[in-house]
Each structure stands twice: as C-alpha cells, then as structure tokens.
Amino acid sequence: MNALLRRILSRNAAHNRDLYDIEKLHRDLKKGLSIHDLESTIRRYFDHPRWEVRNTAVKVAGDSGSAAFAPALCRFMTDRKQKGFVRRNAATALRSFRGSRAEILPELMNALGDSYWEVRAQAALTIAEIAEPDAALEGELIRRLFRTSPSIIHHLPYFFPLRVYRERDFEVRAALTRALGAVATSSATLHVLELLTGDSYWQVREAAIESLFRSAPVLGVSTMDLLQILQDLDLTCPDFRPKFPIRETWNRLKGTSAITTDADNRTH
Amino acid sequence: MLYTLFDYLYSHIHSLSFMRLFTYITFRAILAAITAFLLSLLFGPPIIRMLKKRRIKDIAWNYGVVDVQAKDGTPTMGGLLILFSIGVASLLWCDLSNRFVHILFGAFVWFGGMGALDDYLKSHRNSKEGLKEHYKYALQLGFGVILSILYLHPSLTPVDPNFATELHLPFLKTPIANLGMYYSLLILFTITAISNSVNLADGLDGLAIVPSFLIAGVYAIFAYVIGNILLSSHFLFRYLPGSGEIAVFCGSIFGAGIGFLWFNAYPALIFMGDIGSLSLGGMLGTIAVLIKQEFLFIIAGGIFVAEAASVLIQKYIYIPFVGRRLFYRTPLHHTFQHRGYAETKVVIRFWIVSAIFALISLAALKIR
C-alpha cells in the first residue's frame, strides 16, 4: 500500500518538470554556479502551486546569498498559509543575509510565535547568528522563554519548579537561549541564563553555558566570576558519543600522514 | 531429526523409555533454545570474520542526529547467524513431519532469501539502496498469497477449514466474524506489516532483536497452549492439533536471538541486516497467522507497531500532505536520539517497554 501511495506521488512529481528543474538548479548552485543572473527564474518558482517547488526555491534563494531575496524570504517565513517546511527553510535561509539585519530581525521575532516548532527554532537560531546586543530584543526573547516578566525575574528560582516556561519545546528553548546570548545587554539575561543551566534538557543547559560565555564580555562579567556562578553545574546528561580507541588511534596517525590508505578507500 | 530418532528409540527399545522426555514439546522447545544459543556463540566469531573478509559492511547513513561515522564499517548480514542457528536447532528438535513446521520453514527460506538478496545488492552497490521497494513488497505479498492458499484451501490447511477463516481478537473468547476468503487479505496484511515493522525497527544496536525474541517467547507460550488439548480447553482457546510444535520453532528463534544479542549488544560487532530483520518479521508474521493470533502482535510487538506507525504517519502523510514533521525524526527511536538520549538509553528503554508489552499480551491468555 505504501509503495502504491509513493508511486502515485512520484508519478505526479514526474509529470511536473518544475520540481526537477529547481532541484537541478540547486545542485548546480552547490557545484559553484552563480545564480545572480537567474533571480527572475527563482522568483518564478516562488509562486509555484506545489509547496515542494517553493520549498526548494527558498533553499536556492538562501544559498544564493543574494540580499534581494531577503524580503521574499521574510514573507515566506511569516506567511502561515505556507507549509511548515517552507516557513522553516525560509527562517534558515535568512541566515545568509546578515547585512539586511535591521529589516529581517522584526520578522524573525514575529516568526517566534509560529505554531510549528521547527520554524520557531530556526528563527531563534538565525537571530543567534545575525543579531547583536539589543535591549529590546533581549526583553522580547526573555518573554518568549518565560511566562513571567523580566521585572520579577529575580523571583524565578522559587517558581522555577512550577514550569514557568512559555516555550515548552526543548529544541526551541535551546535556540532561544543561544539567541539570548547574542543579544544580551543586562544582568537580567545573566540571571535567566543561570536559571537555564538547570533545565531538564541537557541541550538547553549546554546552550545556556555557551551563551553565558558569549555574553560575559558584553555584560562585564569576568571568567572567574562566571566559573563561580557555574560551580554547581550539572555536567551529566543521558547522551554520549561512542569512541573506539582503535579508530581514535587510526585517525590520529592518519592526521599526521597525508597518505590515503587502502582502508580509507574501503570504508568510504 | 533428533526428535524422530529419540521417538523411535523410545517406542522400540524398552530400556530407553526415558527418551520419551524428548517427545515433550516443552522439553524440546527448551533444548531448541539452548541449541540455537550455543550455535550462535560458536559460529558468531567465524561468521563475523567471514563477513569482514568479504567486506560486507554497513554503509554509514547520516540521519542528522547521531555520529553514524563511528560505526561505519561494522559487518552486516548478521541475520545469517540468526538463520543458521534457528535452522539447525529447528531441524534437530522439531517434528519434521508436522505441517505447521513445513510452513514455517517455507517462511524461513523465503524471507531469508529475500533479505539476503537485499543485503547482497546493498553490499554489491556499496549503497543504502538494495532491493527496490516494490520488489520487496511483491515478494512479501507473494509469500502472503502462498500462505493464504496453504492455510485456507480446504485440502491443504493444517487446521479445520471453517476455523481457518474465523477472526479472533485478543481478550475475546469467541470469534467476532468469519471472513471467508477475505481472510486472505488479513494474511497478506499481517505478513507484510510485521515483516516491514521489524525491518524499520532495526536501526540501533540490539533494538530489533530483543523485542523479536520476546515476541517469539510469547507466541511459543500461546502455540503450546493452543496445541495442548487440556490447556486450550482450560484457557478457552480452540484446540489446534499439531500447533504445539510451533513452540519448538519459537524456542529456536528465542535462543538464536539471545545468541545474536551477544554480538549485537552495544557497540555491535555485527548488524543483523535485512536478512535478519525481514526473516524474523516474516517468521513472526507466519507464526501469528498459523495460531490465529495476528492481532496479538499489536500488543506483543507494540514497539514494532509504534516504529512502523511513526514512519507511515510522518513519511507518507505528514510530510507530503501537511508539509511539516509530526515527530522530531522517524522511526521513533531517532526521535528519542534527537531529544538527546544516548543510543544505549533508548535501546534499553525500548527493551523495558517490550517486556511490559510481552507481559500484557500474556495476560490475554487468561483475560478472555
């Protein structure tokens, strides 16, 4: 039954050459083809009736690095009629347009209210990447994270176990934490990040540590003070990566030698 | 084979009457499990060496959630070891004149061959693309058609032809319907669904094998009860003469599964590959049909059902039609990895849940 469904879907795709064309364009772009001259072609795909085509067009626009696409991508990201993947990829694609920060940031903040978690997470990560310290953004991000207002943030430790998070998705929370590290201007952020180092998800705790170290110079906190703040940090988590000693040795030795061996050819 | 020998000795030589022990299904099921386990331990290392020598290795596939490169190069097709152990143990301890056993060996050969072809193509092409999906479905449905004929045709069926088409549900004493020839559709669905669900769950070290042998254990108990005139009457099951022999076959699967886990436990020295997952799924599906406990798999194999359902919902409904994800990643075990749980933690938790599901399904013996 799955195969039948898939066949019907792929037959539809085969009948529609546009999807193939845009994906070919994307592959060519990754090979190094400049598409600055092809902007009008890409724009044609933006209005395509099939979301898969629009989705690929959004990715191509992001990869092109052409700032002329920024307004269109902002529109895609905040248009709730677009499919979730299209909105998410538009949020990701905007990372390429650091120069248009002033126009993009308000749209990204708007996207943080999206109903789809991947859009919120990618919008927050884009903010983390392109934003600079900004008090207004800082306050807004804290409001996105918590139900409480920044003015009563110092009372948070007492309410913390009561789940004061506004953002319940761990992935978005981690992304917002990173964004907060990028825009931090006041001690309120320091306190919020300190609270987030106690989050139940280690990804959020990890993001909080990184954000603390990122924002410390802006907030005028020394490394010694930071280490003092983080002295009770929980550094255990339910995840770890396998390490095969023989592979480590192999990689170390290989790193000191430029010779490509037969074993490499076999493995890859 | 040994069953026939011991049965002959017990029947013809008075001084060897103690050999009647070997005619008991429970005893042979235990021996089959131990034999399969020891065979796995004995032949595991040489099979792993052979697979490494032939460069039948796993191809790393980046899911975006785990460091898959670390496992790159682990030999696959470990299902060979499972099939070898099940095959030899069953040949030794099953009553080879039993019709149910014939059908199970048919499933063993069919799905084993299909999985071997799939793995061979992957290894040969050095890619994740093995047997094309529609060929895979065609072969699964092909076996379903053969099983339908063998099970439903009045002159071929090993059970009462009227009983063969009755639809039984767990926790209910009586059949809810007689599907007639439409029962063949249920057989086709059961075989295809179970075979694929085990295949989908085979993504982390030890994840597929433990639920598989637990389900084999559950089905062994059900087969024994249903094939025993006193117990079937006590538990209000319809007596299926000869079906108790399935318990011996299930014993082989159980033992081979534990033996394989010895090598497949994290970090795996060998992966089962499609030869293992497709054949285990195919055999479990066939067992479910033979003892008419198809729907019990939804409980006993709850992990497999959840894994398959997550893929179906995400891949075939949510992504193409809704244009977004419902789960972080699919199959379901990748969702937990995405949430930051290590592979071993995910696998052990899935084992715990499988064990709970197995216990609940065993409750269906009494609660009817």
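The values are calculated or read from the model by the stated rules, or taken from the named source; none is laboratory data. Because the structure is a prediction, the values reported are computed rather than measured. As a convention, Cβ positions derive from the backbone with ideal geometry for all residues, glycine included, and neighbour counts pool all protein chains shown.
Conditions tested, residue by residue: (1) touching a residue at least 40 places away in the same chain (Cβ under 8 Å); (2) not in a helix (DSSP H, G or I).
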residue: B:186; (1), (2): yes, no
residue: B:194; (1), (2): yes, no
residue: B:199; (1), (2): yes, no
residue: B:230; (1), (2): no, no
residue: B:240; (1), (2): yes, yes
residue: B:250; (1), (2): yes, no
residue: B:256; (1), (2): yes, no
residue: B:262; (1), (2): yes, no
residue: B:266; (1), (2): yes, yes
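Residue B:354 satisfies every condition listed in (1) among the polar types (S, T, N, Q); (2) over 30 Å from residue B:236 (Cβ atoms); (3) assigned to a helix (DSSP H, G or I) except (2). From B:253, B:270, B:291, which residue is touching a strand residue (DSSP E or B) at 6+ places or on another chain (Cβ under 7 Å), surrounded by 24 or more Cβ atoms within 10 Å (Cβ to Cβ) and more than 14 Å from chain A (Cβ to nearest Cβ)? Unique residue meeting the criteria: B:270.
Filtering B:258, B:299, B:303 for residues that are more than 14 Å from chain A (Cβ to nearest Cβ), among the β-branched types (Val, Ile, Thr) and surrounded by 24 or more Cβ atoms within 10 Å (Cβ to Cβ) leaves a single hit, B:303. With a requirement of 1 or more residues that are outside the structural domain of residue A:173 (by TED's automatic domain parsing) and of a type in the set (Asp, Glu), the helices (runs of 4 or more DSSP H) lying completely within segment A:66-141 that satisfy it span A:101-111, A:117-130.
Name the single residue, out of those in segment A:58-82 being over 18 Å from the mean Cα position of the chain (by Cα) and within 14 Å of chain B (Cβ to nearest Cβ), that is surrounded by the most Cβ atoms within 10 Å (Cβ to Cβ). Checked segment A:58-82; the qualifying residue surrounded by the most Cβ atoms within 10 Å (Cβ to Cβ) is A:82. Residue B:353 fulfils the conditions (1) more than 8 Å from chain A (Cβ to nearest Cβ); (2) without any contact (Cβ under 8 Å) to a residue 24 or more places away in the chain except for a single criterion, (2).
Let's see how each residue does on (1) surrounded by fewer than 22 Cβ atoms within 10 Å (Cβ to Cβ); (2) modelled with pLDDT under 90:
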{"site": "A:110", "(1), (2)": "yes, no"}
{"site": "A:122", "(1), (2)": "no, no"}
{"site": "A:138", "(1), (2)": "no, no"}
{"site": "A:147", "(1), (2)": "yes, yes"}
{"site": "A:158", "(1), (2)": "yes, yes"}
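Can you spot a residue in segment B:307-319 that is touching a residue at least 24 places away in the same chain (Cβ under 8 Å) and surrounded by fewer than 18 Cβ atoms within 10 Å (Cβ to Cβ)? Among the residues of segment B:307-319, not one is touching a residue at least 24 places away in the same chain (Cβ under 8 Å) and surrounded by fewer than 18 Cβ atoms within 10 Å (Cβ to Cβ), which makes the answer no.
Could you tell me which residue of segment A:198-228 is farthest from residue A:133 (Cα to Cα), considering only residues that are of a type in the set (Asp, Glu) and within 14 Å of chain B (Cβ to nearest Cβ)? Taking the candidates together, the pick is A:199.
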